[in-house]
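Heads up: the structure comes next, in structure tokens.
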Amino acid sequence: MTMRAAVSLCLFGIVLCPGLAFAQNPDPWQRTNERIFRLNDFFDQLLVKPVARTYTLFVPRVARQGIGNFFSNIDDINVFVNDLLQLKLDDALSDSGRFFVNSTIGVAGIFDFATGFGLEKHEEDFGQTLGRWGVGTGPYVMLPVFGASNLRDSVGLVLDTLFNPIQYHEDESLKLTLFLTKETDSRAGLLALDDLISGDRYLFVREAYIQRREFLVTDGKVEDEFGGF
């Protein structure tokens, strides 16, 4: 068994443990999480954000769109697998078709012809799949580098990585280049949202993450706390 697989099984067992429901306190590790958040934020302000700004300044919009499409196309492999695991067969058919179209006439996904053909992009990952089958979120976790998460989604992140074909390329320098490009492009896409953060940055990010993940896991079917009132 590989180290990655062992970590996955260990974390999966922790998430399933009924004693870790944390229903009353979703952030029992807040002090540690806040330290990691400050460290992540420090490096983001020092390095990541300036690089993302430089990227948007010197890389033409059309080129950035192509880069984003390329990585989105690779992500569709993972989306397709999770469609199947969640028994979303119509979505699986759509997403497999999307990957085929964009990988061929879309030139490895650089051009997104599939959306124009009515094959819309879906967002599925292993964290959502675990949630779909009743696995609790576990406590909120702030991961170094990767940012906001929870115990369930941390397990999902490991599994998502295992299904990413890029990591199996033999050229380590190419893998690193692709990883850094993807992260830079993703950060550039979030620059416009930075000004929306108000108040306590840690709490804002935590609550935004928790609400978004609940929305994704339930496919937008958020429970109405007020019932019929």
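Per 0.36 nm of contour for each residue apart, how much would the distance between residue 204 and residue 174 grow if the chain were fully extended, relative to their Cα-Cα spacing?
Separation in residues times 0.36 nm, less the Cα-Cα distance, equals 7.3 nm.
Give the lysines reachable from residue 182 as a straight Cα distance under 20 Å; neighbours fewer than 8 places away on the same chain don't count.
By straight Cα distance, residue 182 reaches 49, 121.
Which one, 191, 204, 157, is farthest towards the positive end of the dipole of segment 149-217 when Lys and Arg carry +1 and Asp and Glu -1 on their Cβ?
So the residue we want is 204.
Specify the longest stretch of the chain that does not include any exposed loop site, a site being one of the GluC sites (Glu not before Pro) with a non-H, G, I, E, B DSSP assignment and at most 13 other Cβ atoms within 10 Å.
Between the exposed loop sites, the longest stretch runs 1-119.
Only one of the values (1) 17.9; (2) 18.5; (3) 19.4 was calculated from this structure for Kirkwood radius over Cα pairs in Å; name its label.
Among (1) 17.9; (2) 18.5; (3) 19.4, the one calculated here is (3).
In sequence order, what are the phi-derived ³J(HN,Hα) couplings for segment 185-193 according to the Karplus relation 6.51 cos²θ - 1.76 cosθ + 1.60 with θ = phi - 60°, rounded to whole Hz, with x for glycine and proline?
5, 5, 5, 4, x, 9, 4, 5, 8
Using the Cα centre as the reference, give the magnitude of the dipole from point charges on the C-beta atoms of the chain (Lys, Arg: +1; Asp, Glu: -1; all else neutral), rounded to the nearest 20 debye.
About 560 debye.
Rounded to the nearest 0.05, what FRET efficiency is calculated for residue 65 and residue 212 with R0 set to 22 Å and r the Cβ-Cβ distance?
Efficiency, rounded to the nearest 0.05: 0.40.
Under a no-solvent Debye model with one identical scatterer per Cα of segment 101-229, what's log10 I(q)/I(0) at q = 0.09, 0.12, 0.13, 0.23 Å⁻¹?
Rounded to two decimals, the profile gives -0.37, -0.66, -0.78, -1.44.
If the cut-off is a Cα-Cα distance under 14 Å, which aspartates and glutamates reach residue 175, setting aside same-chain residues fewer than 8 apart in sequence?
The reachable aspartates and glutamates, counting only those whose Cα sits under 14 Å from residue 175, are 183.
If Lys and Arg each add +1 and Asp and Glu each add -1, what is the summed charge of the other residues whose beta carbon sits under 12 Å from the beta carbon of residue 150?
Result for the neighbourhood of residue 150: +1.
Given a Förster radius of 45 Å and the C-beta distance between residue 35 and residue 77 as r, what FRET efficiency does 1/(1 + (r/R0)^6) yield to the nearest 0.05?
Using R0 = 45 Å, I get an efficiency of 0.80.
Considering the zone a paramagnetic label at residue 57 would reach in this model (a point 7 Å from Cα along the Cα-to-Cβ line), which residues of segment 192-214 have amide N under 20 Å from it?
The answer is 192-195, whose backbone nitrogens lie closer than 20 Å to the label point.
All of the numbers you see were taken from the coordinates with simple rules; none came from a lab. For clarity, every value in this text was computed on a predicted model and none was experimentally measured. Using ideal geometry, Cβ is built from the backbone for each residue, glycine included, and neighbour counts are taken over all protein chains shown.
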